[in-house]
Amino acid sequence: MYKRSTFFAAVLVTTLALGCGSGGNAGNFNLISIEEEWQLGQQLSQDVARQVRFSNDSAVNAYVQQMGQRIVAQTSEPFNRLPWEFHVVDDPAINAFAIPGGHIYVNTGLIAAAENASELAGVMAHEISHITARHTTEAISRQYGISILASLVLGQNPGTLSQIAAQIIAGGALARFSREDEREADELGIRAMARAGYDPRGMAAMFRVLLAHQQSSPGRVEQFFSTHPTTEERIRNAERRADEVGQSAGMITDEPQFQTIRSRVA
Ligand SMILES: [Zn+2]
């Protein structure tokens with residue numbers, strides 16, 4: 001049996017030899033392969049787990065898991081075949097975030113703020129798409145050089161891993177996405193959620209809910225807006241894209257199971 005670390009070192013060297021990571025758009029700076037990303041995610045998620053409090057409501061967790069897996073099944077190869085994990089964070093702030101390797105975190109505050117199932121699906125599809133578009137690893141690639149990145153993937157730099165986890169949770173620079181990243185995550189997300197059977201208008205509707213909260217309780221949405229720039233123009237674009245994708249009979253806008261779990265976290 002070969003050593004796992006040797007395998008990932010070899011993958012890293014291959015990636016470098018090819019000049020860029022796989023899966024990203026041309027011109028995007030990404031030094032990490034998808035295999036390495038999933039390895040990194042396993043370690044980062046352990047750091048996140050030490051820094052947040054998870055909801056232990058099994059009904060809420062089961063619902064979020066099921067919705068997440070349903071959307072992930074509609075993403076492109078190889079993401080639809082990889083293991084993803086969906087975590088419910090016990091926190092009233094209206095926020096959700098993604099870390100490399102298919103780990104998506106949704107706060108109970110966001111579930112409570114969503115008016116229906118398609119709005120929650122919209123945020124989840126958006127976060128999932130930050131992963132499939134390789135945005136989270138691009139950010140790490142930009143910030144850290146190749147030697148640090150290699151040691152992170154190999155688990156040799158636990159201090160830096162905890163720092164990265166803390167930064168992402170707090171909505172720091174590493175978790176900030178550009179307008180272009182947001183546009184791409186919206187577009188991919190709207191298509192994935194529609195294919196999964198959720199009303200694609202839910203994404204823009206959730207952004208409107210978030211904007212409304214910015215007026216009434218700005219502190220609760222601060223983290224989300226600092227990491228996901230949201231403008232009126234962006235919302236209108238998401239609405240237009242949802243119209244292009246179209247709604248079909250049987251699509252889920254809301255379902256009783258969502259209202260049940262929403263009442264459990266309210
Ligand atoms: Zn975003």
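Can you tell me how many residues in the stretch 185-219 are in contact with a helix residue (DSSP H, G or I) (Cβ under 7 Å, 6 or more places away or on another chain) and either of a type outside the set (A, V, I, L, M) or loosely packed, with under 15 Cβ neighbours inside 10 Å (or both)? Working first, answer last.
If we filter the stretch 185-219 for residues that are in contact with a helix residue (DSSP H, G or I) (Cβ under 7 Å, 6 or more places away or on another chain), which is where we start, we get 185-194, 196, 198-210, 213-214.
Keeping just the survivors that are either of a type outside the set (A, V, I, L, M) or loosely packed, with under 15 Cβ neighbours inside 10 Å (or both) gives 186-187, 189, 191, 198-202, 207-208, 213-214.
Matching residues across the stretch 185-219 total 13.
Restricting attention to the stretch 238-258, which residues are within 29 Å of Asp91 (Cβ to Cβ) and touching a residue at least 12 places away in the same chain (Cβ under 8 Å)?
Our first condition is that a residue be within 29 Å of Asp91 (Cβ to Cβ); within the stretch 238-258, this holds for 238-239, 242, 252-258.
Correct list: Ala238, Glu239, Ala242, Ile252, Thr253, Asp254, Glu255, Gln257, Phe258.
Filter the stretch 222-263 for residues that are in a helix (DSSP H, G or I) and among the β-branched types (Val, Ile, Thr); which is nearest to the ligand (Cβ to nearest atom)?
Looking only at the stretch 222-263, we keep the residues that are in a helix (DSSP H, G or I), and these are 222-227, 232-245, 256-263.
Now drop any that are not among the β-branched types (Val, Ile, Thr), which leaves 227, 235, 245, 260-261.
Values: Thr227: 7, Ile235: 13, Val245: 19, Thr260: 28, Ile261: 23 Å.
The qualifying residue nearest to the ligand (Cβ to nearest atom) is Thr227.
Residue check: is Gly250 surrounded by fewer than 16 Cβ atoms within 10 Å (Cβ to Cβ) and of a type outside the set (A, V, I, L, M)?
Working: surrounded by fewer than 16 Cβ atoms within 10 Å (Cβ to Cβ): yes; of a type outside the set (A, V, I, L, M): yes.
Criteria met by Gly250.
Given the options Asp57, Asp91, name the one that is away from the ligand (no atom under 16 Å from the Cβ), among the charged types (D, E, K, R) and buried (at least 18 other Cβ atoms within 10 Å of the Cβ). It would help to see each step written out before you state the result.
On the way: Asp57 fails: buried (at least 18 other Cβ atoms within 10 Å of the Cβ).
Testing whether each residue is away from the ligand (no atom under 16 Å from the Cβ), among the charged types (D, E, K, R) and buried (at least 18 other Cβ atoms within 10 Å of the Cβ) leaves just Asp91.
In the stretch 183-200, how many are more than 11 Å from the ligand (Cβ to nearest atom) and among the acidic types (Asp, Glu)?
2
Give the residues of the stretch 137-176 that are touching a helix residue (DSSP H, G or I) at 6+ places or on another chain (Cβ under 6 Å), under 25 Å from Thr75 (Cα atoms) and among the polar types (S, T, N, Q), sorted by residue number.
Scanning the stretch 137-176 gives a single hit, Thr137.
Considering only residues that are buried (at least 17 other Cβ atoms within 10 Å of the Cβ) and either part of a helix (DSSP H, G or I) or more than 12 Å from the ligand (Cβ to nearest atom) (or both), look in the stretch 168-182 and name the one that is modelled with the lowest pLDDT. Quick ask: steps written out before the conclusion?
Residues of the stretch 168-182 that are buried (at least 17 other Cβ atoms within 10 Å of the Cβ), as a first pass: 168-169, 171, 174-175, 177, 181-182.
This time we only want the ones that are either part of a helix (DSSP H, G or I) or more than 12 Å from the ligand (Cβ to nearest atom) (or both), so: 168-169, 174-175, 181-182.
Details: Ile168: 86, Ile169: 86, Leu174: 72, Ala175: 75, Asp181: 92, Glu182: 91.
In this case the residue turns out to be Leu174.
For the stretch 121-167, give me each residue that is at positive phi and either within 13 Å of the ligand (Cβ to nearest atom) or at pLDDT 90 or above (or both).
At the first step, the residues of the stretch 121-167 found to be at positive phi are 134, 155.
If the condition is that a residue be at positive phi and either within 13 Å of the ligand (Cβ to nearest atom) or at pLDDT 90 or above (or both), then Arg134 is the only one that fits.
Considering each residue of the stretch 201-221, count those that are within 16 Å of the ligand (Cβ to nearest atom) and without any contact (Cβ under 8 Å) to a residue 12 or more places away in the chain, and give that number.
Going through the stretch 201-221 one residue at a time, the tally reaches 1.
When Gly23 is evaluated against the numbered criteria (1) within 30 Å of Ala194 (Cβ to Cβ); (2) modelled with pLDDT of 95 or more; (3) surrounded by 13 or more Cβ atoms within 10 Å (Cβ to Cβ), which criterion, by number, is the only one it fails?
Here Gly23 meets the rest and fails (2).
The values are calculated or read from the model by the stated rules, or taken from the named source; none is laboratory data. Source: prediction; values computed, not measured. A quick note on method: Cβ atoms are made from the backbone with ideal geometry, for glycine too, and the neighbour counts reach across all protein chains shown.
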